[in-house]
Amino acid sequence: MTQIGNGNARHRVSLPDGTEITLAWAAKTDTGLRREVNEDSFLAQAPIFAVADGMGGHAAGDFASAAVVTRLAEHGGKPVIGTADIDASLDRAVQDMSRGAGVTDEGSGTTVTGIALGVISDEPAWIIYNIGDSRVYRLVGGVLEQLTTDHSIVQELVDAGQITKEEADTHPHSNVITRAVGFHEAPIPDYRAIAIEPGMRLLVCSDGLTKELTSYGIRHFLVANERAEKAAEQLIDAALGNGGRDNITVVVVDVLSVVRPPAGERSEGGETARA
């Protein structure tokens, strides 16, 4: 288990076009009640946030998740990053895994999901990225929306109409994912860009949370707690209270304000992330 970054009650980011974004965030992880080792890792360091859920056995899974967040953390401190930066970091993480101690013959792997500050068509945006079944949620105006799609057997069954979303929660293959970082394969993330809005709250989490809490439960704790740190703590506590069957990791990010420069004063030529 690797933790990079921690909570921040107020952090201002200056984007290339002169936009000022103020963020707050908190990150928490717990081994859970049934696991001996925490194979989750997280990164909470503007402009990028990530949760990685390792697989492949204790040593291998822990090494894989650590490799991913360590490579992504190399972008910490930049104003924005693009999908090409994320792709390159994941490729380097896979190379690191191949040299890792404790890796089995089958290799090691990890999910990874997260958010990053970027610029799309000269407009500030959150870049949402995902491989596996960890998730990103958005809360705006009390409405919770899942922004990522699980790469899993049960999600494919849901998409095909063979089972319902409720049946997916208790399906015997609920832990089988169809895409990962590692296992000697090239990482292929899904990307999505969304507007950065003041007052929005984003949650990045491993499936140790979503195994124990429904979307209604997740929404309740995100709405009920004004501070990101308190929301993260209560999400972890609720997941433990419901069984804590897996490692649980959450990163809560709040957009406190977005201040755009006056018309005619925007800088041009800033880094642009491809969608």
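The values are calculated or read from the model by the stated rules, or taken from the named source; none is laboratory data. Here the structure is a predicted model, which is why all the values come from computation and not from measurement. With ideal geometry, Cβ positions are generated from the backbone for all residues, glycine too; neighbour counts draw on all protein chains shown. These area figures cover heavy atoms from the full protein model, side chains too; ligands, DNA and RNA do not enter into them. Shrake-Rupley method; radii C 1.70, N 1.55, O 1.52, S 1.80 Å.
What to note about this one:
- Residue pairs whose Cβ atoms lie under 8 Å apart, sitting 6 or more positions apart in sequence or on different chains, and linking a residue in segment 1-21 that is closer than 21 Å to LYS230 by Cα to a partner that is surrounded by fewer than 17 Cβ atoms within 10 Å (Cβ to Cβ) and aliphatic (A, V, I, L, M), are ARG10/LEU256.
- The test for being in contact (Cβ under 8 Å) with a residue 24 or more places away in the chain, polar (S, T, N, Q) and open to solvent by 10 Å² or more (accessible area, probe 1.4 Å) does not hold for GLN95.
- Flag for THR164 being open to solvent by 20 Å² or more (accessible area, probe 1.4 Å), closer than 26 Å to ALA60 by Cα and polar (S, T, N, Q): no
- Top-ranked residue of segment 33-79 - restricted to ones that are assigned to a strand (DSSP E or B) and within 20 Å of GLU212 (Cβ to Cβ), ranked as most open to solvent (accessible area, probe 1.4 Å): MET55
- Applying the criterion of being aliphatic (A, V, I, L, M) and outside any helix (DSSP H, G or I) to the residues of segment 80-90, the residue that is nearest to PRO124 (Cα to Cα) is VAL80.
- Selected residue [modelled with pLDDT under 90 and either surrounded by fewer than 23 Cβ atoms within 10 Å (Cβ to Cβ) or β-branched (Val, Ile, Thr) (or both)] from VAL143, VAL136, VAL154, VAL112: VAL154
- Within segment 15-29, being assigned to a loop (DSSP other than H, G, I, E, B) and either under 18 Å from GLY77 (Cβ atoms) or open to solvent by 30 Å² or more (accessible area, probe 1.4 Å) (or both) holds for LEU15, PRO16, GLY18, THR19.
- Of the helices (runs of 4 or more DSSP H) lying entirely inside segment 164-274, the ones with 2 or more residues being modelled with pLDDT of 85 or more and more than 30 Å from VAL80 (Cα to Cα) are found at 215-224, 228-241.
- Filtered residues of segment 204-230 (kept if crowded, with 24+ Cβ neighbours inside 10 Å and of a type in the set (Gly, Ala, Ser)): SER206, GLY208, ALA228
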